[in-house]
Number of protein chains: 2
Amino acid sequence: MGDLAGRRSAPASFAPGQPHQIVFFEANAEIYAQGERAAALYQVEYGVVRLYRLLSDGRRQISAFHVAGEVFGFEADGQHHFFAEAVGDAGIRIFRQPAGEGNWRPTLDAALAALVRAQEHLLVVGRQNAAERVAAFLLDMMQRQGGECIELAMSRTDIGDYLGLTIETVSRTLSKFKSAEVVQLEGRRLLKIADVRALRALCT
Amino acid sequence: MGDLAGRRSAPASFAPGQPHQIVFFEANAEIYAQGERAAALYQVEYGVVRLYRLLSDGRRQISAFHVAGEVFGFEADGQHHFFAEAVGDAGIRIFRQPAGEGNWRPTLDAALAALVRAQEHLLVVGRQNAAERVAAFLLDMMQRQGGECIELAMSRTDIGDYLGLTIETVSRTLSKFKSAEVVQLEGRRLLKIADVRALRALCT
DNA sequence: CGAATTCTTGAGCCCGATCAATAGTTGTGG
DNA sequence: CCACAACTATTGATCGGGCTCAAGAATTCG
């Protein structure tokens, strides 16, 4: 099996010395739900996590994927505003007393990183077309996994709900990239980026 | 002239006792630019501020508007990732040493509020249609200004760039709301929400 | 191996973009 | 105060990218 998506390196602990436990979630398990009262922080040990919100008719927007080492689960007013689920099997380090006196700095840094990410993603979803969105997604995954070979932990549906597209459009766009020899597809989860430059040109 | 948008109440200082200065910006003046090195925090005293990013061909996505009392200008890696401009004339309180030992709590809270806002906005832009987006915008403005009468500080172009729509679509949608008697338009800047329930029904 | 699931591909349509013209508003100077 | 220019917003007509509906192919799993 692939040993890529995030499992390759043990991530540095977010808050060394702080009390925490590691919890294992299987694919599609809920980590927390919107509206849940909570005051913990979560760090991905391995696997991928999706954060999302729903509209009443079921439309879903995934606001972020998180991979090994990343911290998520910030809440305002002591309440979660999103759902968090494991995409595939995942291990999560949970800190129950996160924002203690000692480690407000890393907490703030992680929150700011998430903020910048969210706002940058807004530009993609608000102002770029299908090809540009998929290109941005692939480049982001490439950067996070640190190589041109990408193991997609998430389904086409997840990708669509992240990019604000339908699965058909995601699939068609990937096929176009394939026939333009910008990417190579090996099965549906493995993908190699053959022409990074072409992708970069798409999302200036 | 109108005395609504944000000028009505002197906002509480973000970090009481911290050294700061108040700077005045006229309409469309730049507060800071993307890529600028900086380590300050900004609080709107009066007026409205827009944060945005650009694509190389000029497409613009406004990630947030900020009104009186709100704090903005967080940066990661000591660098601004966005542009900030005054929409109309605005007064901004600038804190040069923001994240000092004493006030990391309010800083973190403000950052988390911005994060939640950005991620919620992502749902609007990624998964809602034109009418739903405009409805969400109007409800947001209503809530921030605290009444059914809204003074729009920003142009149709700004609204479009915030919602990921063209100005024509924004204009058409507002006209539809008007003929459906959901809103009343008085001039192009003043707007009264006549049927809050109808708007709420649109963005469940 | 067969069933269930996920993905790909095709055909047609619709919402919002684009292009274009008109109307309204704001600001300036006589 | 009005005349004019410059800008901003509205409205109309047309186009096209991505959605919807539908079928078939590939992959996963029991």
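Highest mobility in the GNM of chain B, judged by mean-square fluctuation with C-alpha springs under 10 Å and restricted to B:Leu152, B:Leu191, B:Leu123, is found for B:Leu123. Taking 0.36 nm per residue of sequence separation and removing the Cα-Cα distance, the B:Leu54/B:Ala130 pair yields an extension gain of 25.2 nm. Couplings 3J(HN,Hα) for segment B:192-204, derived from phi with the Karplus relation 6.51 cos²θ - 1.76 cosθ + 1.60 (θ = phi - 60°), are 10, 8, 8, 9, 4, 4, 4, 5, 4, 4, 6, 10, 4 Hz, where x marks Gly and Pro. Counting only DSSP H runs of at least 4 residues, each contributing -39500 (n - 2.57), and dividing by the residue count of the protein assembly as shown, the helix-based mean residue ellipticity at 222 nm comes to -10500 deg cm²/dmol. Under the convention that each Lys and Arg Cβ holds +1 and each Asp and Glu Cβ holds -1, the size of the dipole of segment B:20-122 around its Cα centre is about 120 debye.
Rounded to the nearest 0.05, what FRET efficiency do A:Arg105 and B:Asn28 give with R0 = 41 Å and r taken as the Cβ-Cβ distance? Could you check? Calculated value: 0.70.
Cα gyration tensor of chain B, axes a ≥ b ≥ c as square roots of the eigenvalues: rounded (a/c below 1.5), prolate (a/b > b/c) or oblate? In terms of gyration-tensor shape, prolate. Once backbone amide H atoms are built at 1.01 Å from N, A:Val87 has A:Asn28, A:Val48, A:Val49, A:Arg50 as its partners under 5 Å, excluding neighbours fewer than 5 places away on the same chain.
Within the accessible area of chain A, the carbon and sulfur atoms contribute 50%, probe 1.4 Å, all protein chains present.
Extension gain for the segment A:Ser155 to A:Ala198, taken as residue separation times 0.36 nm less the Cα-Cα distance, is 13.1 nm to one decimal. Short-range pairs are left out: with C-alpha atoms under 8 Å and at least six residues apart, the relative contact order of segment B:20-122 is 40 percent. The Cα atoms of segment B:143-185 give a gyration tensor whose axes a ≥ b ≥ c have a/c of 1.5 or more with a/b no greater than b/c, which makes the shape oblate.
Close amide H pairs (under 5 Å, H built 1.01 Å from N) link A:Gly69 with A:Val44, A:Glu45, residues at least 5 positions away or on another chain. With springs connecting C-alpha atoms under 10 Å apart, model chain A as a Gaussian network and identify which of A:Ala130, A:Ala113, A:Ala68 has the largest mean-square fluctuation. Per the Cα network of chain A with a 10 Å cutoff, A:Ala113 tops the list. Phi angles of segment B:29-36 translate, via the Karplus equation with coefficients 6.51, -1.76, 1.60 and θ = phi - 60°, into HN-Hα couplings of 6, 7, 8, 8, 10, 4, x, 4 Hz per residue; Gly and Pro are given as x. The mean sequence separation of alpha-carbon pairs under 8 Å and at least six residues apart, normalised by the residue count of chain B, gives a relative contact order of 22 percent. Within the full protein context, the accessible area of B:Ser155 is estimated at about 40 Å² for a probe radius of 1.4 Å.
Applying the criteria of a DSSP loop state and at most 11 other Cβ atoms within 10 Å to the trypsin sites (Lys or Arg not before Pro) of segment B:156-204 yields B:Arg188. Applying the criteria of a DSSP loop state and at most 15 other Cβ atoms within 10 Å to the GluC sites (Glu not before Pro) of segment B:88-151 yields B:Glu148. Residue by residue, segment B:17-23 carries 3J(HN,Hα) couplings of x, 6, x, 7, 9, 10, 10 Hz when phi is fed to the Karplus relation 6.51 cos²θ - 1.76 cosθ + 1.60 (θ = phi - 60°); x denotes Gly or Pro. A label point on A:Thr204, set 7 Å along the Cα-to-Cβ line, lies at 4.3 nm from each of its counterparts in the other copies, closest listed first. Across identical copies of the chain, A:Ala33 has label-point separations of 5.0 nm, listed in ascending order, with the point defined 7 angstrom from Cα along Cα→Cβ. Computed over protein heavy atoms with a 1.4 Å probe, the accessible surface of segment A:100-204 works out to 45 Å² per residue. Which of the lysines could a cross-linker span from A:Lys178 if the Cα-Cα distance has to be under 22 Å and same-chain partners fewer than 8 positions apart are dropped? Within reach: A:Lys192. For chain B, the longest principal axis of the alpha carbon atoms and the long axis of helix B:130-145 meet at an angle near 50°.
Let me know the shape class of segment A:129-202, please: from the alpha-carbon gyration tensor, a ≥ b ≥ c as square roots of the eigenvalues, rounded when a/c is under 1.5, otherwise prolate if a/b is greater than b/c, or oblate. Since a/c stays below 1.5, the shape of segment A:129-202 is classed as rounded. For B:Thr157, the label point sits 7 Å beyond Cα toward Cβ; its separations from the matching points on the remaining copies run 4.3 nm, from shortest to longest.
Contact order, relative form, for segment B:87-204: 26 percent (alpha carbon pairs under 8 Å, 6 or more residues apart, mean separation divided by residue count).
The values are calculated or read from the model by the stated rules, or taken from the named source; none is laboratory data. Everything numeric in this text was worked out from a predicted model, so none of it was measured. Here Cβ is always computed from backbone atoms with ideal geometry, including for glycine, and neighbour counts include all displayed protein chains. Calculation scope for accessible area: heavy atoms of the full protein, side chains included, ligands and nucleic acids excluded. Shrake-Rupley method; radii C 1.70, N 1.55, O 1.52, S 1.80 Å.
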